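Notes for the one structure printed next.
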Amino acid sequence: FWRRKLGNLILQFCLMVLVGTLIGWFTNYLAIKLLFRPYKEMNFLFFKIQGLIPKRRAEISLNIADVVEKELISVDDIADKIEEMDISDGVIDRLLDKVIGEKLQKNILDKNPLLKMIINDSVIQKIKSYFKKSILENKEEIVEEIIKIAKEKINFHEIILDKMENFSLQEIEEIILKISKSELKHIEIIGGVLGGIIAVFQFLLMLALKAI
């Protein structure tokens, strides 16, 4: 009799722990899924349900844009880096080779073969030397103008909001899951462990109540 009773208690204990573990794991798994799904609002009898991120997408995008602009990077940060840049002869030479050398060759000389008789390599080098000298003599003014234009035209807040709006909800979900896959998996496991522990306490409580 006692052996059978002990066997029943062990079986009951194992079942309670198993069910508690599954419930704890599934509850956290479902909670994570409800962060993203359903994408669109759905009606269930007397209440509506929609994923937290889809429901608050605009607010989340706005908060991300604020954090990035205020805490991570701003136009002023870029302006400071531009001011710190050392515009060396090598940088200017590469820029002039690309802008004057390539553009002049492709857009003008290749389309007007007769100009090649006038504008040869020697003339191109003189043009580059002239621009190089002008850039070096007015380097500070050029940098200041670039910074001024950047501050007037670049709005990180709008750029980030626009990028966020262009992401589909599925893409956002994939990005978040890719970044925090292991952490979310740990949350599921912790849910299962806590569910099992609660089941153990429930079993002990049940035995205590029976003994009263």
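Within the same chain, lysines fewer than 8 places from K185 are excluded, and of the rest, those with a Cα less than 17 Å from its Cα are K33.
Where only DSSP H runs of four or more residues are counted, the chain gives -24000 deg cm²/dmol as its mean residue ellipticity at 222 nm, each run worth -39500 (n - 2.57). Relative to the current alpha-carbon distance between N8 and K33, full extension at 0.36 nm per residue lengthens the span by 5.3 nm. The chymotrypsin sites (Phe, Trp or Tyr not before Pro) found in segment 1-78 that occupy coil by DSSP, while having at most 10 further C-beta atoms within 10 Å, are F1, F46. When all alpha carbon pairs of the chain are counted in 10 Å bins from zero, the resulting P(r) reads 7, 16, 16, 15, 14, 11, 8, 6, 4, 3, 1, 0 %.
For segment 194-199, 3J(HN,Hα) computed residue by residue from phi via the Karplus equation (6.51, -1.76, 1.60; θ = phi - 60°) reads 5, x, x, 4, 4, 4 Hz, glycine and proline entered as x. Candidate cross-link partners of K128 among the lysines, defined by an alpha-carbon separation under 25 Å and a same-chain spacing of 8 or more, comprise K98, K103, K106, K111, K116, K139.
Between E141 and L52, what FRET efficiency follows from the Cβ-Cβ distance if R0 is 45 Å, with the result rounded to 0.05? Computed FRET efficiency for E141 and L52 comes out at 0.30. Here is the list for segment 1-96: GluC sites (Glu not before Pro) lying in DSSP coil, each with at most 16 other C-beta atoms within 10 angstrom of its C-beta, are E41. In the elastic network of the chain, a GNM with C-alpha springs shorter than 10 Å, the most mobile of L52, L34, L136 is L136. Taking only protein heavy atoms and a 1.4 Å probe, the accessible area of the chain is 64% carbon and sulfur. Loop-located chymotrypsin sites (Phe, Trp or Tyr not before Pro) across segment 111-212 with a Cβ neighbour count of 15 or fewer within 10 Å are F167, with loop assigned by DSSP. Dipole magnitude for the chain: about 1800 debye, using +1 per Lys or Arg Cβ and -1 per Asp or Glu Cβ, origin at the Cα centre. Residues in segment 138-181 average 79 Å² of solvent-accessible surface per residue, probe 1.4 Å, ligands and nucleic acids excluded. Over all other residues within a Cβ to Cβ distance under 13 Å of L161, the charged ones net out to -4, with Lys and Arg as +1 and Asp and Glu as -1. When a/c is below 1.5 the answer is rounded, else prolate if a/b is larger than b/c, else oblate, so apply that to segment 1-82 with a ≥ b ≥ c taken from the square roots of the Cα gyration tensor eigenvalues. Note, shape of segment 1-82 comes out oblate.
The values are calculated or read from the model by the stated rules, or taken from the named source; none is laboratory data. No experiment lies behind these values; they were computed from the predicted model shown. Cβ atoms come from the backbone with ideal geometry, glycine included; neighbour counts cover every protein chain shown. Just so you know, the surface numbers come from the protein's heavy atoms only, side chains and all, with ligands and any DNA or RNA stripped out. Shrake-Rupley method; radii C 1.70, N 1.55, O 1.52, S 1.80 Å.
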